[in-house]
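Worksheet for the structure shown next.
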Amino acid sequence: MRMGGQLTPIAQSYIENFDVVIAAIPNIFTRKWIMDTAKEYICLNSYYEDMHIDGKNRRDTYRRMVGTILSELRSGKNVCATFYGHPGIFACISHMAIADARDEGYEAHMEPGISALDCLVADLGIDPGSHGMQSMESTQFMIYERTIDPTALLILWQPGIAGELALKKLETNEEYLEVLVKKLGLTYSLSHEVYLYEAATDPLEETRIDKIKLGDLPKASLKQITTLVIPPAKELVRDQSIVDQLNAITVRRQQFAQKVA
Ligand SMILES: C[S@@+](CC[C@H](N)C(=O)[O-])C[C@H]1O[C@@H](n2cnc3c(N)ncnc32)[C@H](O)[C@@H]1O
């Protein structure tokens, strides 16, 4: 997320030493550093233009990116494909490239990185373990039947492109967001307070943590990097029948242990 301090030593060593580094990195400072550091650098950012071509969409862009990674591999090079955050979280290109490379008999693996979720936990001071956490892509939440647990934290990724089914734009609009809010409204009150979170990715940026009412989401300004954080709306309800079962097991095991002692 932040090159200064959040790039893992092993990722840095691959970037410095592999024959070629292939990247779709939005942050200009990170891109510049990779450009100066890598032996050879292939920038994939311009591939996003493909989705504006008639008959093409984001999936074609991703396939072309995977194609470039694979063709460099086939030419006999050691290839390092880099992504911001964790390369395996909401980053289908890395998963596809590794699967394709392995299918063709190449050794390929992923190194974990610090994701937006890791930054979110630190910046918002939220422990996903305290109430449990649900995490999903905003459009996926909208178009599939999902059962949301209001006693747990809900993280919605990519609200900035929510509802954009054509996969041709990297933006959403007020009407799509109204549909999202209406669906969330089945579980949460429209006055429930949610956060719009954007981690700073370089020293010139400030982290955004905006607390808004759920009902105000359609009018909010959302970027591609915004993550929607929905805190639990209800208290956890104890399942007494399970507690009773567990206690009964404990008592039975203690009695058995006393008998054999
Ligand atoms: C394609 S996913 C990439 C996630 C990335 N691989 C990671 O591990 O964080 C893009 C989504 O990640 C989240 N995201 C990316 N950058 C972020 C940032 N700086 N702050 C908060 N969330 C961010 C947003 O939900 C955004 O829509």
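How big is the stretch 161-244 on each of its three principal axes, counting only the C-alpha atoms and giving the largest first in Å?
53, 34, 24
When only DSSP loop residues count, what GluC sites (Glu not before Pro) in the stretch 71-124 have their Cβ near at most 14 other Cβ atoms within 10 Å?
Answer by residue number: E104, E107.
Report the relative contact order of the stretch 31-158, percent, no decimals, based on alpha-carbon pairs under 8 angstrom and at least 6 residues apart.
14 percent
Tell me, what is the percent relative contact order of the stretch 2-60, built from C-alpha pairs under 8 Å that lie six or more residues apart?
Computed over the stretch 2-60, the figure is 29 percent.
What's the local net charge at E206, with K and R +1, D and E -1, over the other residues with C-beta under 15 Å away?
My count for the surroundings of E206 gives -2.
Lys/Arg Cβ at +1, Asp/Glu Cβ at -1, dipole of the chain taken about the Cα centre: which of T82, P112, S189 is farthest positive-ward?
About the Cα centre, the residue reaching furthest to the positive side is S189.
Scan the stretch 157-238 for GluC sites (Glu not before Pro) in coil per DSSP, keeping those whose Cβ has at most 16 other Cβ atoms within 10 Å, and list them by number.
Here the GluC sites (Glu not before Pro) that fit, given the DSSP loop and packing criteria, are E171, E205, E206, E235.
In deg cm²/dmol and to the nearest 500, what is the mean residue ellipticity at 222 nm of the chain if only DSSP H runs of at least 4 residues count, each as -39500 (n - 2.57), divided by the residue total?
After summing the helix terms and dividing by residue count, I get -11500 deg cm²/dmol.
In nm, to one decimal, how far is the H52 label point from the Q140 one, both placed 7 Å along Cα→Cβ?
2.9 nm
Given the convex hull over the Cα atoms of the stretch 202-261, what projected area results after averaging over all orientations, in nm²?
9.6 nm²
Only Lys, Arg, Asp and Glu count, each charged at its Cβ (+1, +1, -1, -1), so figure out the dipole size of the chain about its Cα centre, rounded to 20 debye.
The calculation lands at about 620 debye.
As a test of understanding, state the convex hull volume per residue of the stretch 1-69 from its alpha carbons, in Å³.
91 Å³
Using the Kirkwood formula over every pair of different C-alpha atoms, what hydrodynamic radius in Å results for the stretch 1-147?
By the Kirkwood definition, the hydrodynamic radius is 16.9 Å.
Counting pairs on different chains as well as pairs 8 or more places apart, how many Lys pairs in the chain have Cα atoms under 19 Å apart?
Close lysine pairs under the 19 Å cut-off: 18.
Convex hull over the alpha-carbon atoms of the chain: what's its volume per residue in Å³?
Dividing the Cα hull volume of the chain by its residue count gives 201 Å³.
Which loop-located trypsin sites (Lys or Arg not before Pro) does the stretch 161-220 contain, where loop means any DSSP state but H, G, I, E or B and the Cβ has at most 16 other Cβ atoms within 10 Å?
For trypsin sites (Lys or Arg not before Pro) across the stretch 161-220 that sit outside H, G, I, E and B with at most 16 neighbouring Cβ atoms in 10 Å, the list reads K168, K169.
What does the net charge come to around Y106 if you take all other residues with beta carbon closer than 10 Å to its beta carbon, with K and R at +1 and D and E at -1?
-2
Computed from the coordinates by the stated procedures, all read-outs in this text should not be read as laboratory data. Predicted model, so just to flag it, every value in this text is computed and none were measured. Neighbour counts run over all protein chains shown; Cβ positions are idealised from the backbone, glycine included.
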